[in-house]
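S.K.: Take this structure, written in structure tokens, and hold onto it; I'll ask about it next.
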Amino acid sequence: MTKLTIAYIGNGKSANRYHLPFSLKLKDKIRVKTIYAPNDSHAWKRIDGINYTTDINDIYDDPEIQLVVLSIPANVHYEMAKEVLNHGKNVLLEKPFTTTEAEAKELFALAKEKGLLIQCYQNRRYDSDFLTVQKVIESGKLGDVLELESTYDYFRPQIPEGEKHFSIGHSCLYGHACHTLDQIISYFGKADSVHYDVRQLLGKDRMNDYFDIDMYYGLMKVSVKSSYFRLVPRPSFTVYGKKGVFVKQAMDRQEVDLKHFYMPNHDDFGIDRPEDYGTLTYIDDDGKYHQEKVISEVGDYSRVYAGLYDAIINGKPKTVKDEETIYQIHMLETGIKEITEAK
């Protein structure tokens, strides 16, 4: 089988926690050849068989490398993605993809001009809670869906309290909604209309630490919310239909396991426990009441890399469409204007 040869620019937490465990899992499809970082630090254990370098030209000048993964700070996404494309390499770019819609459109146009692929790393499409929500909706037991709530809550007041001035790069909207908005866009598409509530709970010129975005699809409303000040987090997903409701309190466990350095080579990696299962309550067609636990779908971030393999090696469509990424960045840029234009 032909392998996809890839390199990483960036050797920090994101590369080692959210990328490498999943690209290396696909040993029959993926070859990780080179990892570049500007200094030769050893914060993360080196992986046998990979070339670690402080010379970025080891990537740019290597004809074997087909895909470059940019695991770098968001404020340099646009510039670095453009540079990599101009060196003739396909690009997987972390989220948020860019700061502005114009930048996103420019990168996609440049990739098209050069016959290359550029795609946003939307691994959260393969979260177990989101996959389970899809399964429940498609079962029909809820009936017509009227309302869906997606939340991404923390109790980390020290983060916004430690930020003395507002910046887009450290905003909750760009940092969190880049995950959750994509889930909604990937499943429901572009909304008919959107209402934004983007706040600074600690006052003017402080960090954006809260958002509540309502997306309307005909009669259905989807709310995407996040806060740094939720001691008790809201459910990850709540879905209301004409005949019932599904509540999934716990988020995907892949991140929990990764934070404990429990990696995907374990059979039970990222698998929900029974106490993590969501609860489905509904009235059936005979008017009978039911309440049941729903076994969670299995999340798997390696599906991002499997999709890239199919797109680059086999010529299949990208799993994350350009227009989906452009629309999401449009929403982030529009929402943050509630703060920037109020100054």
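The values are calculated or read from the model by the stated rules, or taken from the named source; none is laboratory data. In this text the structure is predicted, and so the values were computed from the model without any measurement. With ideal geometry, Cβ positions are generated from the backbone for all residues, glycine too; neighbour counts draw on all protein chains shown.
S.K.: Considering each of E83, E94 in turn, give the residue that is over 27 Å from L258 (Cβ atoms) and at pLDDT 95 or above.
M.R.: On the way: E94 fails: over 27 Å from L258 (Cβ atoms).
Exactly one residue qualifies, and that residue is E83.
S.K.: Checking the condition in the same structural domain as H87 (by TED's automatic domain parsing) and out of contact with any strand residue (DSSP E or B) (no Cβ under 9 Å at 6 or more places or on another chain), which residue from K33, K25 passes? If you could, list the steps in order and put the result at the bottom.
M.R.: Values: K33 fails: out of contact with any strand residue (DSSP E or B) (no Cβ under 9 Å at 6 or more places or on another chain).
Sole residue among the options that is in the same structural domain as H87 (by TED's automatic domain parsing) and out of contact with any strand residue (DSSP E or B) (no Cβ under 9 Å at 6 or more places or on another chain): K25.
S.K.: Related question: When the residues of segment 114-150 are narrowed to those that are assigned to a helix (DSSP H, G or I) and among the charged types (D, E, K, R), which ends up farthest from the chain's Cα centre (by Cα)? Steps first, please.
M.R.: Applying the first criterion (assigned to a helix (DSSP H, G or I)) to segment 114-150 yields 114, 123-126, 128-139.
Then keep just the ones that are among the charged types (D, E, K, R); that gives 114, 124-125, 129, 135, 138.
On the way: K114: 26, R124: 4, R125: 7, D129: 13, K135: 19, E138: 22 Å.
The extreme case among them is K114.
S.K.: In segment 13-89, which strands (runs of 3 or more DSSP E) lie fully inside it and hold 1 or more residues that are among the aliphatic types (A, V, I, L, M)?
M.R.: Numbers: elements: 30-36, 51-53, 67-70.
Here the list reads 30-36, 67-70.
S.K.: Give segment 196-228 a look and list any residue that's out of contact with any Phe, Trp or Tyr (no Cβ under 6 Å at 6 or more places or on another chain), surrounded by fewer than 15 Cβ atoms within 10 Å (Cβ to Cβ) and either touching a residue at least 40 places away in the same chain (Cβ under 8 Å) or within 12 Å of E338 (Cα to Cα) (or both), or say none.
M.R.: Correct list: D197, K204, L219.
S.K.: Taking the conditions exactly as written (without any contact (Cβ under 8 Å) to a residue 24 or more places away in the chain, in a helix (DSSP H, G or I) and more than 29 Å from E255 (Cα to Cα)), does A111 satisfy them or not?
M.R.: no
S.K.: Sort through H170, H179 and tell me the only one that's surrounded by 14 or more Cβ atoms within 10 Å (Cβ to Cβ), more than 24 Å from F246 (Cα to Cα) and modelled with pLDDT under 95. I'd like the intermediate steps shown before the answer.
M.R.: On the way: H179 fails: more than 24 Å from F246 (Cα to Cα).
Matching residue, one of H170, H179: H170.
S.K.: P160 versus (1) touching a Lys or Arg at 6+ places or on another chain (Cβ under 7 Å); (2) closer than 17 Å to D127 by Cβ: which is the lone unmet condition?
M.R.: The one condition P160 does not meet is (2).
S.K.: Moving on to the next point. Any residue that is over 24 Å from Q254 (Cα atoms), assigned by TED's automatic domain parsing to the domain that holds V198 and in contact with a His (Cβ under 7 Å, 6 or more places away or on another chain) - is there at least one of those in segment 287-299?
M.R.: No - not one qualifying residue is present in segment 287-299.
S.K.: Go through (1) farther than 29 Å from Y228 by Cα; (2) buried (at least 23 other Cβ atoms within 10 Å of the Cβ); (3) of a type in the set (A, V, I, L, M, F, W, C) and name the single condition L110 misses.
M.R.: Unmet for L110, out of (1) farther than 29 Å from Y228 by Cα; (2) buried (at least 23 other Cβ atoms within 10 Å of the Cβ); (3) of a type in the set (A, V, I, L, M, F, W, C): (2).
S.K.: Looking only at helices (runs of 4 or more DSSP H) that lie completely in segment 244-343, which have at least 1 residues being surrounded by 19 or more Cβ atoms within 10 Å (Cβ to Cβ), touching a strand residue (DSSP E or B) at 6+ places or on another chain (Cβ under 9 Å) and not acidic (D, E)?
M.R.: On the way: elements: 254-259, 302-313, 322-340.
Because the criterion is at least 1 residues that are surrounded by 19 or more Cβ atoms within 10 Å (Cβ to Cβ), touching a strand residue (DSSP E or B) at 6+ places or on another chain (Cβ under 9 Å) and not acidic (D, E), the helices (runs of 4 or more DSSP H) in segment 244-343 that meet it are 302-313, 322-340.
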